[in-house]
Structures are given as structure tokens and as C-alpha cells.
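K.L.:
Once you've had a glance at the structure underneath, I'll fire off some questions.
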Amino acid sequence: MKIFEAIKEAVNILKDTETPQLDAEVLLCFLLKRERIYLYLNRIEELDVDIVDKYFKLVDRRKRGEPTQYITGHQEFMSLDFYVEPGVLIPRGDTEILVEEVLKKIESLKKPVVADVGCGSGAISVSIAKYKDDAVVYALDVMPIPLEITKINAEINGVNDRVIVLKSDKLAALEEKIEEIDVIVSNPPYIREDVIKTLMTEVRDYEPYTALSGGEDGLYFYRKITKQAARLLKNGGLLAYEIGHDQREDVTSILVENGFENIEFFKDYAGHDRVVLGWKK
Ligand code: GLN
């Protein structure tokens, strides 16, 4: 079977999924250990039978709903490579907006101290450390797998000297760092419990429930983290959140109630409110 024939058949098998062509190509690249351009330049190359066999097994896993990123172990984020596996949320493009806004705000600071609450794969922590090369980032998570994966990703991206990975229930591990922290950033679980069962299988059945659920009203983590942040941040420090598309008002109220001011919002590529920033007085 030739490269283009295998892809054509895979696209057909994956026709009811979101991105059949992309996934068919990414899975074959993963097996061939090649970039996508290779497929276009070598369309008529004959594939080994064992590769073809392995390929259609992967395509079948994808067809049944497993995210391509968990199959290949990779996701790109902020133009960096991240290793992912079940147990951490797959980094989302929307979260890049959060990281970019934080990077703009800390550009002129010297050796800013940043805390990332619920680090997951380490997408936020590692990107901030990578693009602000004197930042020190505390990557916090309460679950063991995210801590391990964040260490791996800090290493892959050469920032393990400035990403400090700590087991922590929200900000608990930084209690003794009162007024040393310049920025607290988080993409917390924010989906309402009753909404989770309506999500697509890729998310609902494969991504960690603990990384998705924000409790009954989706706001549990914003309440807890904001309260802790109001105490731990330096005066004039920044609190930066990713939010759900309909949480702008609620999260703003939580920030204001806890003494944050100059609240700013940023939209995602689909035009939804996605990022909220507030400053400690
Ligand atoms: N901080 C990680 C990310 O943004 C994980 C977030 C989460 O698990 N809720 O991808």
C-alpha cells in the first residue's frame, strides 16, 4: 500500500471525526517518524506491511474517540513540543492567549516569580519560563501524574532549572512565600459538573475529570484560588485566569470581592471571553 492510499483509506475511516485528514496524516507521521511534508513529497512510496498494520490499529483507536495527542504523546503549544498522556489535559490553543497576555505584562520585570496553579502538562509554566528567560515558575498540581509530566516537559524544553514543580493543593505549598509572588496564573478546571456529560467523547471519556470539573457551578477553583492569591501576591501583583465563555461576570465579581482591580478581558479566536486579568491593590 502506498502512502497516499493509506491516508485516503484512513480519512474514510475517520470521516465522522472532527479532523480526519489532519489526524490521518499525523498518525502516519508518528509511525514513520517523519514531518508531514514527507508525506506530500513521497506520496507513492510503498509502506511496509507491518507499518500498514500498525497504522490501521492507530486509526481505529482514533475512530473510537481516543485523542490523537494521547496516541502520539505529543501536542504543540506556543510553538513548543509537549509530551502528553492520559492524566493531563491536552494543552489548548485558547490557553496560548492567557500565556501571551501574562508574558506581555511581565516583559519588563526582572526575575519575576510566577505560580501556575494546576500545571497539568506544564504548558503554561514551561512556556512562561521559555519565553521570559529570567522568570522563576512554581508549577503546582495536587495530582501525581501532572507533576511528573511537567518535569518531563520542562526538561524537553530546557527550562527545568527555572520551573519548580511542587505537589500542592491549589496554592497551599506557597503559603510561606507571602508577598514574594509577582504573578499567579491558572487555567483551572471550570466546566460545570452537569455540562461534562454533554462534552464530546474525546474530552469526556479520555481527558481527566479532575482537570475539567469546576464543581456544581464551575466556579469552585476561582473562588478558592482568588482568595489565596489575595493574600499571597505582592501588592500590585497580577492574577491571570483562563475562563469559560460564559464566566466573565462571575469571575469578575469574585476578583472584585477579593480586592482585585483594573480587571481586563481578552477573547479567544472564536470571539468568546477567555482570559481575565486582575491586579492586587
Ligand atoms: N495548566 C494546564 C493547561 O492549561 C492544565 C489545566 C487543567 O488541567 N485544567 O493545559
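The values are calculated or read from the model by the stated rules, or taken from the named source; none is laboratory data. Remember, it's a predicted structure, so these values are computed and weren't measured experimentally. No Cβ is skipped: glycine too gets one built from the backbone with ideal geometry, and neighbour counts run over all protein chains shown.
K.L.:
Quick one: which of Gly218, Gly237, Gly271 is at pLDDT 95 or above and closer than 27 Å to Glu85 by Cβ?
P.N.:
Result of the check over Gly218, Gly237, Gly271: Gly218.
K.L.:
Just to be sure I understand the filter: pairs with C-beta atoms under 8 Å, separated by 6 or more residues or on different chains, first member in the range 135-162 and free of Cβ contacts under 8 Å to residues at least 12 places away in the same chain, second member outside any strand (DSSP E or B). Which pairs pass?
P.N.:
Filtered contacts from the range 135-162: Asn160/Lys151; Asn160/Ala154.
Residues checked against (1) more than 30 Å from Arg64 (Cα to Cα); (2) in contact with a Gly (Cβ under 7 Å, 6 or more places away or on another chain):
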position: Ser186; (1), (2): yes, yes
position: Val195; (1), (2): no, no
position: Tyr209; (1), (2): no, no
position: Ala230; (1), (2): yes, yes
position: Leu238; (1), (2): yes, no
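K.L.:
Restricting attention to the range 64-120, which residues are more than 11 Å from the chain's Cα centre (by Cα), at negative phi and small (Gly, Ala, Ser)?
P.N.:
Matches in the range 64-120: Ser108, Ala115.
K.L.:
Sticking with this structure for a sec: Scan the range 101-121 for residues that are out of contact with any helix residue (DSSP H, G or I) (no Cβ under 9 Å at 6 or more places or on another chain) and either within 13 Å of the ligand (Cβ to nearest atom) or of a type outside the set (Ser, Thr, Tyr) (or both) and report the count.
P.N.:
Result for the range 101-121: 7.
K.L.:
Do the conditions hold for Ser186, that is, is it of a type in the set (Gly, Ala, Ser), within 14 Å of the ligand (Cβ to nearest atom) and either touching a Cys at 6+ places or on another chain (Cβ under 8 Å) or touching a residue at least 60 places away in the same chain (Cβ under 8 Å) (or both)?
P.N.:
So Ser186 fits the description; yes.
K.L.:
Is it the case that the range 38-53 has a residue that's surrounded by fewer than 19 Cβ atoms within 10 Å (Cβ to Cβ), touching a Cys at 6+ places or on another chain (Cβ under 9 Å) and not polar (S, T, N, Q)?
P.N.:
yes
K.L.:
Any residue in the range 253-260 that is among the polar types (S, T, N, Q) and more than 17 Å from Ile191 (Cα to Cα)?
P.N.:
yes
K.L.:
A follow-up question, please. Which of the strands (runs of 3 or more DSSP E) contained wholly in the range 164-281 include at least 2 residues that are surrounded by 14 or more Cβ atoms within 10 Å (Cβ to Cβ) and among the charged types (D, E, K, R)?
P.N.:
So the answer is 233-242, 273-280.
K.L.:
Looking at this structure, is Glu193 in contact with a Leu (Cβ under 7 Å, 6 or more places away or on another chain) and under 21 Å from Leu89 (Cα atoms)?
P.N.:
no
K.L.:
Quick one: how many residues across the range 68-91 are in contact (Cβ under 8 Å) with a residue 24 or more places away in the chain, farther than 30 Å from Asn235 by Cβ and within 12 Å of the ligand (Cβ to nearest atom)?
P.N.:
Within the range 68-91, residues that are in contact (Cβ under 8 Å) with a residue 24 or more places away in the chain, farther than 30 Å from Asn235 by Cβ and within 12 Å of the ligand (Cβ to nearest atom) number 9.
K.L.:
Specify the residue that is surrounded by the fewest Cβ atoms within 10 Å (Cβ to Cβ); the eligible residues are those in the range 132-158 that are in contact with a Gly (Cβ under 9 Å, 6 or more places away or on another chain) and in a loop (DSSP other than H, G, I, E, B).
P.N.:
Per the stated criteria, the residue is Val142.
K.L.:
Follow-up. Residues to consider are Ile128, Ile149, Ile124, Ile97; find the one that is within 16 Å of the ligand (Cβ to nearest atom) and over 22 Å from Val275 (Cβ atoms).
P.N.:
The match here is Ile149.
K.L.:
How many residues does the range 227-263 contain that are over 21 Å from Ile196 (Cα atoms) and in contact (Cβ under 8 Å) with a residue 40 or more places away in the chain?
P.N.:
13
K.L.:
Next question, about the same structure. Looking only at the range 30-57, how many residues end up being part of a helix (DSSP H, G or I) and either modelled with pLDDT under 95 or under 12 Å from Ala6 (Cα atoms) (or both)?
P.N.:
8
K.L.:
When you go through Ala135, Ala139 one by one, which is the residue that is near the ligand (Cβ under 9 Å from one of its atoms) and either under 16 Å from the mean Cα position of the chain (by Cα) or at pLDDT 95 or above (or both)?
P.N.:
Ala139
K.L.:
Another question about this same structure. Exactly one of these conditions fails for Ser213: (1) near the ligand (Cβ under 10 Å from one of its atoms); (2) touching a residue at least 40 places away in the same chain (Cβ under 8 Å); (3) under 30 Å from Leu14 (Cβ atoms). Give me its number.
P.N.:
(2)
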